[in-house]
1. Can you name the number of the only condition in (1) at pLDDT 95 or above; (2) within 14 Å of chain B (Cβ to nearest Cβ); (3) farther than 17 Å from A:Glu362 by Cα that A:His136 fails?
2. Mind checking which residues of the range A:47-86 are among the basic types (Lys, Arg) and more than 18 Å from A:Asp34 (Cβ to Cβ)?
3. B:Ser142 - would you say it is in contact (Cβ under 8 Å) with a residue 12 or more places away in the chain and under 16 Å from B:Ala46 (Cα atoms)?
4. Residues in the range A:192-225 that are farther than 19 Å from A:Met498 by Cβ and either in a helix (DSSP H, G or I) or in contact with a strand residue (DSSP E or B) (Cβ under 8 Å, 6 or more places away or on another chain) (or both): how many?
5. Could you tell me how many of the residues in the range A:29-66 are in a loop (DSSP other than H, G, I, E, B) and of a type outside the set (Gly, Ala, Ser)?
6. Tally up the residues in the range A:73-132 that are within 30 Å of A:Ala536 (Cα to Cα), among the small types (Gly, Ala, Ser) and part of a strand (DSSP E or B), please.
7. Only one of these is closer than 19 Å to A:Ser408 by Cα and hydroxyl-bearing (Ser, Thr, Tyr): A:Ser333, A:Ser278, A:Ser309. Name it.
8. What are the residues in the range A:133-173 that are at negative phi and surrounded by fewer than 20 Cβ atoms within 10 Å (Cβ to Cβ), if any?
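The values are calculated or read from the model by the stated rules, or taken from the named source; none is laboratory data. These figures come from a predicted structure and were not determined experimentally. Quick reminder, even Gly has a Cβ in these numbers, built from the backbone with ideal geometry, and neighbours come from all protein chains shown.
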Amino acid sequence: MTLPPNVTPAQWKSALAAFRAAIGDAWVFTSDEDVGLYRDAYSPVWGKDEERLVAAALAPARVEEVQAIVRIANQYHIPLFPISTGKNLGYGGSAPNLSGSVIVDLKRMNRVIEVDDRRNFAIVEPGVSYFDLYAHIQERNLKVWIDCPDPGWGSVLGNALDHGVGHTWGAYRDHFASHCGLEVVLPNGELMRTGMGAMPGAKTFADFRYGFGPSVDGLFAQAGFGIVVGMGIHLMPRPDAYMHCRIHAPRRQDIIPLVDIANQLEDAGLIGMPLYESPMFVAQFQDPALRDIARAPDVWNGNAIDRYSAEKGVAPWSLGLSFYGPEAVIRASWDHARAKFAAAIPNARFEEVEMLRFPLDEAGQEAVRHKVLVGIPNMNVFAMGARTQTNPEPADGHLLFSPMIERSGEAVLTAQRIFTEGMRAMNLPDFPYSYGPFTAPFTWIPRAFAMTTGMPVSRSDPAMNKASRETMRRLISLGAEHGYGEYRTPPLFQDQVMDTYGFNNHVLRRFCETLKDAADPNGIIAPGRGGFWPRAMRKDDR
Amino acid sequence: MVTRRTFLSGAAVSSAILGAPAAWAGGSRAVPRRAIIDRSLAEGEAFARGAREHDAAIAWFAGDVSSLWLTKLAPMLRARSEPIAGLTHAGALFCLERWAWDMGMRVVMRIDHVPMAGGAWRHEGAGRLPDAAAAHLRAAGSDFPRAAAAIAFAGGGLWSDCTHAAAVRGVAGLPDPITSWVIAPAPARA
């Protein structure tokens, strides 16, 4: 059994007794079998000393129980690590930054407090998953949509607090940006509401996020300043129709006008999330000649790619556009977009992929091609056959490296080359063909691109994990050298990533530490989360 | 000696192969009554035949198991916690296992079936599944899904905690492995 750091067995016994008295014996988990469920299934240090293990788990059902837990933790100096549904796979799962932490598992707090389809918001507790909120809306035939990440089992609140993302329209897919009002148990056990929630009697908690004075909500995302037990979130009104169209661009340099026009369309509110892909990415695994082109040192001038495209009809870029709204409006928007792209990209090809009219019946929902583009939660990401041409040796999970770059075609071409040549120069493994000239940007976060790639992890192959960890660390450094910072990372790498945000002698981290010491003097709430630590746990060697 | 014929009649499985007391408290008498099968698997029908021989109901899904879990299995298990068995890809089992944790259930039997060259299969059991079970699966040849169902529906004598079993890797160039499994209430709730 792992004990909390600097806590004696006698103190631990007393603390557990206090936790049991506060929330009930049935909801305090201490056996190895039970606490083992909170291990990160995708841990790159599985079974090693560095793996972050937990001492116990507590599952409160009410806000008052969370408050009691925090007060007891303060008394005994027990580090807590709150999770909502614990499905943050690829970014740490439900494992804490600090071994010996006690998980505060908020799954039992799973009430949808309110959904308003006239003012278009929801208020939820941490245990509400995307599936839960979607079902709540469907059962009541409410005229709002949710925005969900690929796996639908995650927490609406938890995903937002980790700066999680989705796939629909503008700010809705930036889940923290669409949150509106938090209810938080502070490190001293007090309950605080942010924004309009701070005003007794206000009816605009989930409408107006700022209230008055400093907006402190950001302190509760990717950080340990409190345990969030309720959140408002803005929802998208259900559109009449949705159309997905695709543009195929025949030259490598076409990514530049492709991005410029898509930026204009999106920022003007005409499209949802642009979906960039390279058809050549998959094609390279079917045609060794294309793979050779991709690996050639002079690939970056684009000549060979353009020749291959002209000869074989395989485009180096495609762009999916999602339109939402009245059918006449979205058809007009598509006409407008098509004209813009046709004028800027000679020989571009256009394709209408899917048209849907809402509401959909059950069969209609099942038939949707890419469900998350229309806010339907699912688990298809786990249903895909793991073994593909692009991933011939699938592992048990993955680490995600997610550097943010500027939203321009030039930046995509530059970042491709930096990461591809950087990995080669460092002799890093080419798994799973992480970066190359066909790497497309992800657009989950509006107004920036994520050049995300995954490194495999395994519960039975320590050598693979070691290679992935080393690759991750070197990619973080390489990205930072070029001003590419990660938006999210597993606990194992959070210190390193925070270290790359080092402007003015790391004043951001130092400011966070100052706040942490003031608000959480015993350092009990998620110490280390976000890459900063309470005073007693700071390393001296930096 | 247990022949393939007697093995496939589920009653023989626990008595013949086990030889050890049931590790899953209360589980030795528990038998799944429902099989969860991915209809996209060519081996699914044979597993279903094996399950029906044990009077099990069949619940099919295709690829994404979430709808089946959320609309049928979760309400059923909330009302009455009981073992379920299945034949799926590892990804579907990963999802089902984690959902089942929240109901106090664990994976208690897991056999990964790995396609090999020439149409053969390799069978790797997790936990304390005896080697004899794998031997019987080998003996079943192409009818191994039915034999796997017989093992799954034989009851709790073969079960042990397989919670952290790693997925078995397949062979390059061949289809993904598939997995037969049982998820059952954890000892405290059995």
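1. With (1) at pLDDT 95 or above; (2) within 14 Å of chain B (Cβ to nearest Cβ); (3) farther than 17 Å from A:Glu362 by Cα applied to A:His136, the lone miss is (3).
2. Selection gives A:Lys48, A:Arg62, A:Arg71.
3. yes
4. Residues meeting the conditions: 13.
5. 15
6. Going through the range A:73-132 one residue at a time, the tally reaches 1.
7. One residue alone meets the criteria, A:Ser278.
8. Of everything in the range A:133-173, those that are at negative phi and surrounded by fewer than 20 Cβ atoms within 10 Å (Cβ to Cβ) turn out to be A:Ala135, A:His136, A:Gln138, A:Glu139, A:Arg140, A:Leu142, A:Lys143, A:Asp150, A:Ala171.
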